[in-house]
1. Against the condition in a helix (DSSP H, G or I) and either under 30 Å from GLY253 (Cβ atoms) or under 22 Å from the mean Cα position of the chain (by Cα) (or both), how does LEU94 come out, does it pass?
2. State whether one or more residues within the range 417-433 are surrounded by fewer than 18 Cβ atoms within 10 Å (Cβ to Cβ), assigned by TED's automatic domain parsing to the domain that holds VAL352 and small (Gly, Ala, Ser).
3. I'd like to verify a number: residues in the range 1-29 that are out of contact with any Cys (no Cβ under 7 Å at 6 or more places or on another chain) and assigned to a loop (DSSP other than H, G, I, E, B), how many?
4. Out of the residues in the range 117-146 meeting the condition of being within 17 Å of the chain's Cα centre (by Cα) and among the polar types (S, T, N, Q), tell me which one is farthest from HIS236 (Cα to Cα).
5. One residue is enough: does the range 213-232 have a residue meeting the conditions part of a helix (DSSP H, G or I), assigned by TED's automatic domain parsing to the domain that holds GLY262 and in contact (Cβ under 8 Å) with a residue 60 or more places away in the chain?
6. Filter the range 177-202 down to the residues that are of a type outside the set (A, V, I, L, M) and over 30 Å from ALA353 (Cβ atoms), then identify the one that is surrounded by the most Cβ atoms within 10 Å (Cβ to Cβ).
7. Does the range 169-180 contain any residue that is at pLDDT 95 or above and over 25 Å from TRP403 (Cα atoms)?
8. Any residue at all in the range 186-205 that's aliphatic (A, V, I, L, M), within 26 Å of ASN379 (Cβ to Cβ), in a strand (DSSP E or B) and in contact with a strand residue (DSSP E or B) (Cβ under 6 Å, 6 or more places away or on another chain)?
Amino acid sequence: METREMVDLCKRHTMYTWAAGDSVSPLPVARAAGVYLYTPEGKRILDFNSQLMSVLIGHSHPKVVAAMKAQIDELIFAYPQSATAVRARLGKLLAEVIPGDINTFFFTLGGAEANENAIRAARLYTGRFKILSRYRSYHGATNLTLQLTGDPRRWPSEPGAPGIIRVMDPEPYRFSFGNTDAEKTAANLTYLEEIIQYENPKDIAAMIIETVTGTNGILAPPAGYLQGLKALLEKHGILLICDEVMAGMGRTGKMMAYEHGGIVPDIVTMAKGLTSSYFPLGAMGVSDAIAAHFRKNVFWGGLTYNSHPLGLATAEAVIKVMLEEKLVENAARLEGVMRREMDALQAKHPSVAAGRVIGLFGMIDVQKNSRHEPMAPYNGSHPAMDKLGKFFRDEGLFTFVRWGSFTCVPPLCITEDELREGFAIIDRGLEICDAAYEG
């Protein structure tokens, strides 16, 4: 199917996420391999966003494709209360690779369902109802998870599920650049404990965080924050849920991002990189204490496709590829390369405000003047950012331009040369933003 027919039929008969159908301009993709996408006409596009921050091992890995085909021949579906060989193997494998006492897993079809069930588990386990979340977070697009979400995608769905208390992140207000990590951590935890007291700690079941904030900034927590947060929550009997849907499975140079903080949450959620998005799958992992509780008490949650054999076989194959090809280590190694590329762009282009990266999880902020005002405001746009996004697409670079920032989140299998290829396109594109810089 040629591009025009493909795009026209998709727009006519299907709906697109977070967009009005008439305004969307879908990217035509006919095939993908490694770190590249290909249009029906054969144009090659460097995937600098891992599609939806999710294709971690690269596209069309032959070992994973073979494992999926083998599972189809063996067993395609079994109802959730059955036992299957692949369910047994993957549960054991995850217990081995997920750090800490997270040894028991509930399988879903994606990250939002994993977070839904994490909240359900926390409420059932503690007997409490309220949930703390943060304003810079994104946790999914269901009724409940949108209320956990802080960004503007929540607004059209309000009022939503009750019992959610949103709080500020440790990231300080703009222009507070002099704050040290210790000061940021201390200030935020003092504020958070005050909120907990106002809300009655005995009513709060859990706090859910993106361990590294994803689409709303790619913000790693300041030093000491995770340890301080875990201690504060434990003091009040509040569980910590780490949403690692985007940051987990090697993205930050560790298997789980919470390893950077030297803690283990009570509950962890994952999806995206769990199957490298080759098949829909999510998972909630719980601590041994919570698992023991639900061996004696009913877990009131269920999905028709819980523990779908094809999804489990895909995850098993993906994890084996990650371990065999040392992709987590590659993400850690290439962090320095991305850091140097970002620093070079900031030195060259006045429109570059800052670049952040942890592992291969990166974002660049674009500014419109020396006062560090973002090129586009929160939940807003700017002609220069629109032009930048078009330039990237025309030049064969796929990434997300959002408000006054854009992402640098390639598959973990990317090479140093391929990484530099992406930054060379970014370098040329930033001339558009430099022209709009006000001085």
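The values are calculated or read from the model by the stated rules, or taken from the named source; none is laboratory data. This one's a predicted model, so the numbers in the text were calculated from it and none came from an experiment. We place every Cβ from the backbone using ideal geometry, glycine too, and count neighbours over all the protein chains shown.
1. yes
2. yes
3. 14
4. We begin by selecting, within the range 117-146, every residue within 17 Å of the chain's Cα centre (by Cα); these are 118, 133-142, 145-146.
Now drop any that are not among the polar types (S, T, N, Q), which leaves 133, 137, 142, 145.
Details: SER133: 16, SER137: 23, THR142: 29, THR145: 24 Å.
Per the stated criteria, the residue is THR142.
5. There is no residue in the range 213-232 that is part of a helix (DSSP H, G or I), assigned by TED's automatic domain parsing to the domain that holds GLY262 and in contact (Cβ under 8 Å) with a residue 60 or more places away in the chain.
6. As a first pass, look at the range 177-202 and keep what is of a type outside the set (A, V, I, L, M): 177-181, 183-185, 188, 190-191, 193-194, 197-202.
Narrowing further to those that are over 30 Å from ALA353 (Cβ atoms): 193-194, 197-202.
Details: GLU193: 15, GLU194: 11, GLN197: 10, TYR198: 9, GLU199: 14, ASN200: 11, PRO201: 17, LYS202: 12.
The qualifying residue surrounded by the most Cβ atoms within 10 Å (Cβ to Cβ) is PRO201.
7. No, every residue in the range 169-180 fails to be at pLDDT 95 or above and over 25 Å from TRP403 (Cα atoms).
8. For the range 186-205, residues aliphatic (A, V, I, L, M), within 26 Å of ASN379 (Cβ to Cβ), in a strand (DSSP E or B) and in contact with a strand residue (DSSP E or B) (Cβ under 6 Å, 6 or more places away or on another chain): absent.
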